[in-house]
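Take a look at the structure set out below.
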Amino acid sequence: MSSTTDQLPEARAQRFFVKAFETAPRWVASAPGRVNLIGEHTDYNDGFVLPMATEQRTAIAASLTNDRTATLHSVTTGDTATFSLEGEVRRGTPAWSNYVRGIVAGFKELKLPVKGFNAVIDSDVPLGGGLSSSAALEIATATLLEAMAGRKLDPTTKALLCQQAERQFAGVPCGIMDQLVSVMGRKDHLLLIDCRDRTGKFVPFTDRSLSLLIINTNVRHALVDGEYARRRAQCETAAEMLGVTALRDATPAMLETARAKMDPLIFRRARHVITENNRTLEAARRIPAGDWEHIGRLMYESHASLRDDYHVSCTELDLVVQQAEQIGVAGGVFGCRMTGAGFGGCTVALVQAEKARRIGEIIGEAYLAKTSNYASIFLSRPGAGASLVDFSKPNI
Ligand code: GLA
């Protein structure tokens, strides 16, 4: 489950760069994916989220060229993108290059210089698996372009620039969680983000007897993006009906009072967001005391709410959560829930570290027996945020 150093994406991207361009790269920038412990579909409601950066990362090895072109190889997909840096940067192919194009466009909009460059990208964040491989690529690219421009953006500006790239170049009206934690993530810490003012508070997660077990169902149901946009719109309708700026400002009592005049579906959407915000704050409060059983219960409640009120789970995710629940605290599982936008992708389980591998095997076998699909299993502790190595500077 863990890589040796020369198998890390940073080292692989660097090696591949030498092969592809017959010279050493000047920089290697990298950024993590994210796993959200709790606080799902709350970020675009100005609410609270409690994610961490994964140990899995996306790396870009790069050097400047003398022309006005970006040439990018992806080790993961095996294809190449080339586009001009002159004039307006537009969407293009391959699809993954749009994340890079979007960041370049964002830098140009800020009037920051973007020079020609060659790059090689590699990643061990599963693609399209709900661990925000897209934010990892965006933030790694932004970190590289900062170095190339000789200017460092503040973390929030950088996250917002990347969020805008995702919205305009990938067409996903995402919130700010993934990009913020990919920039700011810190080893051994979760990040409690207030998505209204976009401030983060680090919550130490240092208990070595615990692990986060990430189970990728390896299914991604169609319409994820359309359904995501629809949920956002439904939340806005609910906020309007409740007379608040965003659902973050609504309380369970306000919702109950308005129930009779609300469409039942809109009511459920609002109930998920309002209760999820409370669960997230409660989980963050209980982490310092190590109240894992309680936090685990909040995770199961979060999953039930996403399944029954928000309707973003699916059979495969529910199956994994059920298996985890069956193993229970006695078997080393405190809690489990879907993580990310939903409709497939990953679950996250809070487990006893010494039992984590066995738990993964049991769930993986049951999942295979019931769906004929293989699940991919990862262990991750909270990893570091974006980073950069500049080979032109002496190592100190
Ligand atoms: C996706 C989005 C995030 C967030 C989650 C759901 O990952 O990119 O902004 O809305 O879904 O919590």
- Query: Any idea how far the Cα center of segment 272-345 sits from the one of segment 135-158, in Å?
  - Reply: 32
- Item | Using alpha carbons only: equivalent-ellipsoid semi-axes of segment 88-156, gyration tensor based, whole Å | 21, 14, 11
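Could you pull out the trypsin sites (Lys or Arg not before Pro) across segment 65-133 that fall in loop regions by DSSP (anything but H, G, I, E, B) with no more than 15 other Cβ atoms inside 10 Å?
Sparse-neighbourhood loop trypsin sites (Lys or Arg not before Pro): R68, R90, R91, K111, K115.
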- Message: Counting pairwise Cα distances across the chain, what percent come out greater than 28 angstrom?
- Response: 46
- Query: Which of the GluC sites (Glu not before Pro) found in segment 1-55 are loop residues per DSSP with 11 or fewer other Cβ atoms within 10 Å of their Cβ?
  - Reply: E22
- Message: Rounded to the nearest percent, how much of the accessible area of segment 210-380 (1.4 Å probe, protein heavy atoms only) is carbon and sulfur?
- Response: 51
- Message: Could you tell me how far the Cα centroid of segment 180-228 sits from the Cα centroid of segment 12-40, in Å?
- Response: 19
- Between E354 and T65, what FRET efficiency comes out of the Förster formula 1/(1 + (r/R0)^6) with R0 = 35 Å and r the beta carbon distance, rounded to 0.05? 0.10
- Task: Classify segment 210-380 as rounded, prolate or oblate, taking a ≥ b ≥ c as the square roots of the eigenvalues of its Cα gyration tensor: rounded when a/c is under 1.5, otherwise prolate if a/b is larger than b/c and oblate if not.
- Result: oblate
- Between A95 and T199, what length comes free when the chain is fully extended (0.36 nm per residue of separation minus the Cα-Cα distance, one decimal in nm)? 34.3 nm
- Query: Which of H294, H189, H303 moves the most in a Gaussian network model of the chain with Cα springs under 10 Å?
  - Reply: H294
- Item | Solvent-accessible area per residue, Å², over segment 251-322 with all protein chains present [probe radius 1.4 Å] | 44
- Message: Please list 3J(HN,Hα) in residue order for segment 250-261, calculated via the Karplus relation 6.51 cos²θ - 1.76 cosθ + 1.60 where θ = phi - 60°; whole Hz, with x for glycine and proline.
- Response: 8, 10, x, 5, 4, 5, 4, 4, 8, 3, 4, 8
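Report the charge-dipole magnitude of segment 210-380 in Debye, nearest 20, computed about the Cα centre from +1 at each Lys and Arg Cβ and -1 at each Asp and Glu Cβ.
80
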- What FRET efficiency do you get for E256 and S84 if R0 is 56 Å and r is their Cβ-Cβ distance, rounded to the nearest 0.05? 0.50
- Note on the structure: For segment 204-308, listing trypsin sites (Lys or Arg not before Pro) in a DSSP loop whose Cβ sees at most 10 other Cβ atoms within 10 Å gives R208
- Task: With the Cα gyration tensor of segment 24-146 in hand, give its eigenvalues times 5 under a square root as the equivalent ellipsoid semi-axes, listed largest first in whole angstrom.
- Result: 26, 17, 13
- Message: Quick check: residue separation of E293 and L379 times 0.36 nm, minus the Cα distance between them. What number comes out in nm?
- Response: 29.0 nm
- Please give the calculated 222 nm ellipticity per residue for the chain, where each DSSP H segment of at least 4 residues contributes -39500 (n - 2.57) and the sum is spread over every residue; nearest 500 deg cm²/dmol? -13000 deg cm²/dmol
- Sequence of T65, T206 when ordered by accessible area, the most exposed leading, probe 1.4 angstrom: T206, T65
- Message: How long are the semi-axes of the equivalent ellipsoid of segment 1-83, defined as square roots of 5 times the Cα gyration tensor eigenvalues? Whole Å, largest first.
- Response: 31, 18, 10
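The values are calculated or read from the model by the stated rules, or taken from the named source; none is laboratory data. The structure displayed is predicted, hence computed values, not measured ones. Every residue, glycine as well, gets a Cβ built from its backbone with ideal geometry; the counts of neighbours run over all protein chains shown. These area figures cover heavy atoms from the full protein model, side chains too; ligands, DNA and RNA do not enter into them. Shrake-Rupley method; radii C 1.70, N 1.55, O 1.52, S 1.80 Å.
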